[in-house]
Amino acid sequence: MKNSSIRSIIFGICMILYTISCKTAPPPITESPPAEQTSTTPANAAPQPVDDATRQALAAAKEKADKLRTLILDFGGPAYYPGECETAESHYNQAQALNPASAADYKKAVEQYTALANEYTTLSEKVLPRYVEARKEALQSARDKAAASAGDALAKQVAQADETVNEGLKLVEAQDYYGAADAFDDAQNRYGFIETEAACQGIRSEIETYKLNTYDPDTFAAAEQAMRTALAAYNEEDIPAAQHAAAEALPQYQTVAATGWEALAAERRRRANAERTKALNIKAHIAMKDDYGAADAVYSQGEEAFTMKDFKQAIERFTPAETMFTAVYKTTAEKRQIADSAIQVADKKITDTRERAKNAQTKLAGGKR
């Protein structure tokens with residue numbers, strides 16, 4: 001009985017131990033079939049790693065879009081097609097706002113930048129031809145102005161600028177638009193320089209013809225130095241420097257001419273007025289009414305031009321007026337001299353007649369005696 005109780009106690013302890021061991025032991029491992037692949041990643045699943053190829057694809061798509069965007073902006077796209085450029089810029093900002101982290105994000109970003117590049121490509125195919133046509137029109141206008149003022153003396157320079165334009169057009173055909181833009185800029189500067197150079201030469205010729213530099217020699221010397229600098233730069237193919245120096249020379253020549261024309265007009269006015277006064281003093285307006293009137297009409301035109309500060313026109317009126325007044329004065333003086341001589345002859349005759357009469361009377365008086 002006692003042994004039976006002990007066995008019962010031992011059996012109970014064993015059952016307790018077995019129960020405890022069953023609760024803590026891992027469940028048996030059984031193989032299960034692989035789960036089916038789905039297109040949706042669970043929300044709590046870790047993001048797939050981004051490989052180098054994916055990163056490079058995004059960088060390439062972004063670089064292409066950026067280059068095309070810069071091309072459109074550099075060649076005046078917003079001015080030619082403002083609405084389409086604004087829409088593309090909105091899409092560009094959306095793409096820029098992306099901050100991809102997972103492979104799926106990168107794929108979405110690549111797709112967005114690729115679509116943006118395609119949009120910019122289509123837009124560039126419209127913008128670039130417009131740019132080229134606009135540049136051609138501007139260059140033709142610049143050439144017309146340069147050629148009109150250049151004459152034969154600067155024909156070689158015009159031909160050089162024309163060749164630069166042709167080089168630019170060849171670069172357009174090769175789709176080197178930045179190279180073409182540089183060539184067009186060079187040609188534009190050349191035409192501009194030729195026009196400015198021709199203007200300087202024209203004013204300089206007037207200055208030398210009328211010796212206007214004598215009224216402002218210092219400014220004339222500065223203009224001459226600037227023009228020498230311009231020509232030296234042009235010969236060295238530094239066209240922007242040549243244009244800059246010529247642009248400095250032109251207003252200096254203009255200042256010399258303006259100062260000289262005013263001073264010369266005032267001088268010619270004084271001379272014409274002096275001859276006019278001489279003619280009036282000799283009564284030419286009476287003796288030669290028509291000739292004096294013609295001279296005075298030209299003089300009045302000079303006065304009107306002088307008042308309006310059209311000094312060149314004033315000179316062109318005072319100069320012949322002076323000559324006309326001088327001629328009127330001389331002719332009047334000659335006529336007066338002839339008249340005075342005739343009067344003197346007449347007076348002498350009268351005096352002689354009186355003297356003879358007196359002598360005759362004296363003789364008659366003596367005979368009566």
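None of the figures in this text is laboratory data; all of them are computed from the coordinates on show. Note that the coordinates shown come from a computational prediction; the quantities given were computed from them, not determined experimentally. Cβ placement follows ideal geometry from the backbone for every residue including glycine, while neighbour counts extend to all protein chains displayed.
Based on DSSP H runs of at least 4 residues, each adding -39500 (n - 2.57), what is the mean residue ellipticity at 222 nm of the chain after dividing by all its residues, to the nearest 500 deg cm²/dmol? Spell out each step's value before the answer.
Numbers: 12 runs with 309 residues, N = 369.
That calculation yields -30000 deg cm²/dmol at 222 nm.
Taking other Cβ atoms within 10 Å as a rough exposure proxy, Ile343, Ile203 sort from fewest to most as Ile343, Ile203. Largest mean-square fluctuation among Ala241, Ala346, Ala232, in a Gaussian network model of the chain whose springs join Cα atoms under 10 Å apart, belongs to Ala346. A simple spin-label model places the labels of Glu236 and Ala360 10.2 nm from each other, with each point 7 Å out along Cα-to-Cβ. Charge dipole of the chain (Cα centre as origin; +1 on each Lys and Arg Cβ, -1 on each Asp and Glu Cβ, all else neutral): 2640 debye, rounded to the nearest 20.
Of Arg135, Arg356, Arg269, the residue with the greatest mean-square motion in the GNM of the chain, using alpha carbon springs below 10 Å, is Arg356. Among the listed pairs Lys67/Lys136; Lys278/Lys312; Lys289/Lys312; Lys335/Lys358; Lys211/Lys278; Lys156/Lys309, those whose Cα-Cα separation exceeds 31 Å are Lys335/Lys358; Lys156/Lys309. Annotation: aspartates and glutamates with alpha-carbon distance below 19 angstrom to Lys108 (same-chain offsets under eight excluded): Asp51, Asp52, Glu63, Asp66, Glu89, Glu119.
Just check segment 186-225 against the gyration tensor rule for me: Cα atoms, a ≥ b ≥ c as the square roots of the eigenvalues, rounded for a/c under 1.5, and otherwise prolate or oblate depending on whether a/b exceeds b/c.
Working: a/c = 5.51, a/b = 2.21, b/c = 2.49.
Oblate is the answer for segment 186-225, as a/c is 1.5 or above yet b/c matches or exceeds a/b.
Candidate cross-link partners of Lys283 among the aspartates and glutamates, defined by an alpha-carbon separation under 20 Å and a same-chain spacing of 8 or more, comprise Glu275, Asp291, Asp296, Glu322, Glu334, Asp340. Of all the options Lys330, Lys62, Lys358, the one that moves most in a Gaussian network model of the chain with Cα springs shorter than 10 angstrom is Lys358.
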